[in-house]
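Asks: So that we are looking at the same thing, I have put the structure below in structure tokens.
The values are calculated or read from the model by the stated rules, or taken from the named source; none is laboratory data. Predicted model only: the values in this text are computed from it and were never measured. Here Cβ is always computed from backbone atoms with ideal geometry, including for glycine, and neighbour counts include all displayed protein chains.
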Amino acid sequence: MSNEHITTAYQNAKQVFARYGVDTEQALAELKTTPISIHCWQGDDVRGFESPDVALSGGIQTTGNYPGAASTPAELRADMEKAFSLIPGKKRVNLHAIYLDSDEHVERDQIKPEHFARWVEWAKQHDLGLDFNPTLFSHPKADDGLTLSHPSEEVRQFWVEHVKASRKVSEYFGRELGSPSVMNIWIPDGMKDMPVDRLAPRQRLLDALDDALAEKIDPAYHKDAVESKLFGIGAEAYTVGSNEFYLAYASTRNTALCLDAGHFHPTEMISDKISACSLYVQDLLLHVTRPVRWDSDHVVSFDDETQAIMREIVRNQLQDRVSIGLDFFDASINRVAAWVIGTRNAQKALLKALLEPTAQLKAAEAEFDFTTRLGLMEEAHSLPWAAVWDYYCAQNQVPVGFDWMKDIKDYEATINETR
């Protein structure tokens, strides 16, 4: 499609939306300045560069053996650059601690900002923000299935020191790049079969987190977030860091709360939790993913839940309080394409939410005119938002429609010769 046709379609769509009281220019301006934090671990199947040969553990699993996985920080950054060239808008990169770029082995409780300096220089070159995560899995001291809740004080303290060190790295990101790094804490702790004592591990986790987060860090540079999970492989019967635990922790300790779309019962939706949690927690972090029957972290699709998540943010005007991050790892398809598909779908859903005639819908609801509400909600799905999306891509000089796949195929052919 030519730029002329794209612009004409957009101008026609603009007039249609105007009849519903929606300003497409305002929606595009907001979309352009709303960053999506793109997770690095899609590019190498969550192996990292600390000890790449260590098997993935902690109740998570990557499936597939598609060729071309990144095996060095330089390869991973190159893959992300290719993906970013096909994704419009503002972007951040989310790093795990195991993605340090160091010429020597560094134990996790000893990581320092300098071990991530090359990531910061790269982020500066590409106008990217950086977010961070301590890595409390795939390590000998996590083999018991317990980390911050471990009964051994020595093991617990090791992980406490790792979280403390990670906060310093996160703060470094924020200072160097001029925007706060959101550091998310997720632990795999749990048990495969029914425990007798559910309380003691949670008490230990509470104390360990309080210790790890005791130092005050300027939120202009760093924000702590905590993330719950329902279960994992090897922790089917009991998860120490449950939803109730972390919701209470975030609300009483003034941390951000991370809601991961795959970390609840299959019939639970985080879109329904956003408004409720926002009453008690100032800042929310979202891990947008696509669970299929369990926390399988499939590539984000333009599905009902992804759209509902973005509508909840926009309808409740929570854009300044919600950080949007992605979390999936699919090794069965081209990994760069996975980033492109998932991120563009998240952005499409956000744009569609920004183009919803929210004012009219809320007015109908306030008047108990539920017939108009339902009719307009359904009609809004058919409004020409796709023409606005195509225009946005063209304005950001990234491929429109499916044209990006040719770039992926060309890039894949190149890297397959060298990896």
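Asks: Within the range 11-36, work out how many residues are in a helix (DSSP H, G or I), out of contact with any helix residue (DSSP H, G or I) (no Cβ under 6 Å at 6 or more places or on another chain) and of a type in the set (Ser, Thr, Tyr).
Replies: Number of matching residues: 1.
Asks: So which of Leu130, Leu146 is under 25 Å from the mean Cα position of the chain (by Cα), at pLDDT 95 or above, farther than 28 Å from Lys32 by Cα and assigned by TED's automatic domain parsing to the domain that holds Met191?
Replies: Details: Leu130 fails: farther than 28 Å from Lys32 by Cα.
Within the list Leu130, Leu146, the selection yields Leu146.
Asks: Okay, next question. Suppose we keep only residues that are in a loop (DSSP other than H, G, I, E, B) and in contact (Cβ under 8 Å) with a residue 24 or more places away in the chain within the range 188-207. Which one would you say is nearest to Phe137 (Cα to Cα)?
Replies: Residue satisfying both the conditions and the ranking: Pro188.
Asks: Assigned by TED's automatic domain parsing to the domain that holds Gly241, more than 25 Å from Arg47 (Cβ to Cβ), not acidic (Asp, Glu) and not in a helix (DSSP H, G or I) - does that describe any residue in the range 151-171?
Replies: Yes, the range 151-171 has at least one match.
Asks: Something else: What are the residues in the range 91-105 that are small (Gly, Ala, Ser) and either under 11 Å from Phe132 (Cβ atoms) or assigned to a helix (DSSP H, G or I) (or both), if any?
Replies: Across the range 91-105, the qualifying residue is only Ala97.
Asks: Tell me whether the range 190-197 contains one or more residues that are crowded, with 17+ Cβ neighbours inside 10 Å and at pLDDT 95 or above.
Replies: Within the range 190-197, one or more residues are crowded, with 17+ Cβ neighbours inside 10 Å and at pLDDT 95 or above.
Asks: Something else about it: Select, from Gln42, Gln15, Gln61, the only residue that is more than 28 Å from Trp404 (Cα to Cα) and outside the structural domain of His381 (by TED's automatic domain parsing).
Replies: Selected residue: Gln61, the only one of Gln42, Gln15, Gln61 that is more than 28 Å from Trp404 (Cα to Cα) and outside the structural domain of His381 (by TED's automatic domain parsing).
Asks: Of the residues Ser271, Ser275, Ser242, Ser228, which is modelled with pLDDT of 95 or more, in the same structural domain as Gln319 (by TED's automatic domain parsing) and under 22 Å from Arg167 (Cα atoms)?
Replies: Just one listed residue meets the conditions, Ser228.
Asks: Here's a follow-up. Has the range 280-300 got any residue that is assigned to a helix (DSSP H, G or I), surrounded by fewer than 23 Cβ atoms within 10 Å (Cβ to Cβ) and not aliphatic (A, V, I, L, M)?
Replies: So far as the range 280-300 goes, no, none of its residues is assigned to a helix (DSSP H, G or I), surrounded by fewer than 23 Cβ atoms within 10 Å (Cβ to Cβ) and not aliphatic (A, V, I, L, M).
Asks: Let me ask something additional. Only residues that are over 18 Å from the mean Cα position of the chain (by Cα) and part of a helix (DSSP H, G or I): list them for the range 251-271, please. Give the derivation first.
Replies: Within the range 251-271, the subset over 18 Å from the mean Cα position of the chain (by Cα) is 251-254, 265-268.
Within the range 251-271, Ser251, Thr252, Arg253 meet the criteria.
Asks: Turning to a different aspect of this structure: Among the residues of the range 61-75, are any over 22 Å from the mean Cα position of the chain (by Cα), in a loop (DSSP other than H, G, I, E, B) and closer than 25 Å to Asp260 by Cβ?
Replies: yes
Asks: Out of the residues in the range 239-269 that are among the hydrophobic types (A, V, I, L, M, F, W, C) and out of contact with any strand residue (DSSP E or B) (no Cβ under 9 Å at 6 or more places or on another chain), state the one that is surrounded by the fewest Cβ atoms within 10 Å (Cβ to Cβ).
Replies: Residue satisfying both the conditions and the ranking: Ala248.
Asks: Hey, among the residues in the range 140-183 that are of a type in the set (Asp, Glu) and in contact (Cβ under 8 Å) with a residue 24 or more places away in the chain, which one's surrounded by the fewest Cβ atoms within 10 Å (Cβ to Cβ)?
Replies: Ranking the qualifying residues of the range 140-183, first place goes to Asp143.
Asks: From the list Val314, Val340, pick out the single residue that is part of a helix (DSSP H, G or I) and more than 16 Å from the chain's Cα centre (by Cα).
Replies: Testing whether each residue is part of a helix (DSSP H, G or I) and more than 16 Å from the chain's Cα centre (by Cα) leaves just Val314.
Asks: Also, quick follow-up: Evaluate the following for Leu100: is it outside the structural domain of Gln395 (by TED's automatic domain parsing), under 23 Å from Leu286 (Cα atoms) and either hydrophobic (A, V, I, L, M, F, W, C) or touching a residue at least 12 places away in the same chain (Cβ under 8 Å) (or both)?
Replies: no
Asks: Report, ordered by the first and then the second residue, all pairs with beta carbons closer than 7 Å, sequence separation of six or more or different chains, a first member in the range 361-388 that is in the same structural domain as Gly89 (by TED's automatic domain parsing), and a second member that is at pLDDT 95 or above and small (Gly, Ala, Ser).
Replies: Final answer for the pair search is none.
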